[in-house]
1. Give the shape of region 42-167 as rounded, prolate or oblate, defined through the alpha-carbon gyration tensor: a ≥ b ≥ c are the square roots of its eigenvalues, a/c under 1.5 means rounded, and otherwise the shape is prolate if a/b is larger than b/c and oblate if not.
2. When the helices in the chain are scored as -39500 (n - 2.57) per DSSP H run of 4 or longer and the sum is shared across all residues, what 222 nm value do you end up with, to the nearest 500 deg cm²/dmol?
3. In whole Å and largest first, what semi-axes does the C-alpha gyration tensor of region 137-177 yield when each eigenvalue is scaled by 5 and square-rooted?
4. Please give, to one decimal in nm, the separation of the simple spin-label points placed at Val156 and Leu46, each 7 Å out from Cα toward the Cβ.
5. How far apart, in nanometres, would the label points at Asp135 and Ser149 be if each is projected 7 angstrom from Cα along the Cα-to-Cβ direction?
6. Using a simple spin-label model with points 7 Å from Cα along the Cα→Cβ vector, what separation in nm is obtained for Gln197 and Asn210?
7. If exposed means no more than 15 neighbouring beta carbons inside 10 Å and the site is in a DSSP loop, what's the longest run of the chain without any exposed trypsin sites (Lys or Arg not before Pro)?
8. Name the residue, out of Gly211, Gly47, Gly247, whose mean-square fluctuation peaks in a Gaussian network model built on the chain with Cα pairs under 10 Å.
Amino acid sequence: MRQDHLDGLVTFMTVAEEKGFSNAAIKLGISPSAVSQSIRGLEQRLGLVLFNRTTRSVCLTEIGERYLERVQPALEQLSSASQELGREASLPAGLLRINVPRAAYLILLQPILQRFMTIYPEINLEIRVENQLVDIVSQGFDAGIRFGSAVEKDMVALPIGPALKAQIIAAPEYVARFGQPEHPRDLLMHNCIGFRQSSTGQIERWEFDNGEEKIDLQIKGRLILNDSEILVRSAMDGLGIAYMINGYIEPFLRQGRLVRVLEEWCPVIPSLHLYYPDRRRVPAKLRVLIDFLRSDYAAPPLENLIL
């Protein structure tokens with residue numbers, strides 16, 4: 001079907017309903033001559049005479065009646081679809097798809113999901129947890145969450161969540177057995193748990209900054225992981241020293257299952273950002289999630305975080 005076959009259909013239905021060009025023009029908010037031109041163009045494209053016209057009245061021809069029977073249900077469905085989707089765009093409803101790394105899920109989403117889904121029962125969530133950076137547009141996601149330095153420049157990026165710092169952590173039993181490092185280079189003599197980045201395949205280097213000196217180390221150890229949750233558990237099991245951001249290790253520090261080491265060397269790292277394609281209108285379902293995450297009410301209750 002050619003696209004121009006759709007031109008004039010709304011005008012056609014309105015003239016049929018109003019039984020006249022003038023009344024149809026008033027209803028459509030256009031001039032009678034524009035209505036007449038639209039109908040004439042539709043008839044020419046179809047090769048059909050849809051209306052019988054006199055100086056006193058306008059009525060459908062037999063073929064016009066049959067054409068109306070065919071196109072009216074389709075146009076009503078199109079109108080209904082437009083209205084329903086318009087309501088969905090202006091109200092927080094529908095499927096919201098988010099792509100996040102595990103750390104962002106644990107720090108930002110896990111603590112607020114129950115409250116968010118209770119407040120917005122018309123929103124369904126699909127959350128894909130993967131550490132590598134993906135093209136959220138081509139894969140059909142509404143938004144993603146990543147560290148700010150990883151977000152593409154053509155995206156709208158909003159900082160969310162707490163200020164982040166690297167933390168060097170270990171189980172008290174490990175420190176009691178192997179001693180407390182006094183300087184980052186002392187870690188080269190310890191069993192450090194490595195983290196392999198999914199995006200690059202490289203083992204993460206540990207960065208340190210005490211305000212006067214910056215150090216970048218390629219640590220060594222017998223255990224390499226690619227999952228932050230398992231990394232924390234391995235540290236709690238006494239398998240070595242781990243490099244982790246704040247946000248979900250605090251409960252274990254308070255419980256005494258982990259201790260910090262080299263605190264004065266822990267550097268600030270880029271904050272987490274929620275990002276989405278640059279567009280003029282943000283869907284309501286995404287807007288309410290952004291507002292929820294950025295509000296004080298949504299601050300992660302760290303004492304409730306369980307790995």
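None of the figures in this text is laboratory data; all of them are computed from the coordinates on show. Small disclaimer: the values here were computed from a predicted structure and weren't measured. Every residue, glycine as well, gets a Cβ built from its backbone with ideal geometry; the counts of neighbours run over all protein chains shown.
1. In terms of gyration-tensor shape, prolate.
2. About -10000 deg cm²/dmol.
3. 36, 12, 9
4. 4.2
5. Roughly 2.5 nm, to one decimal.
6. 2.7
7. In the chain, the maximal stretch lacking such sites is 57-152.
8. Gly47
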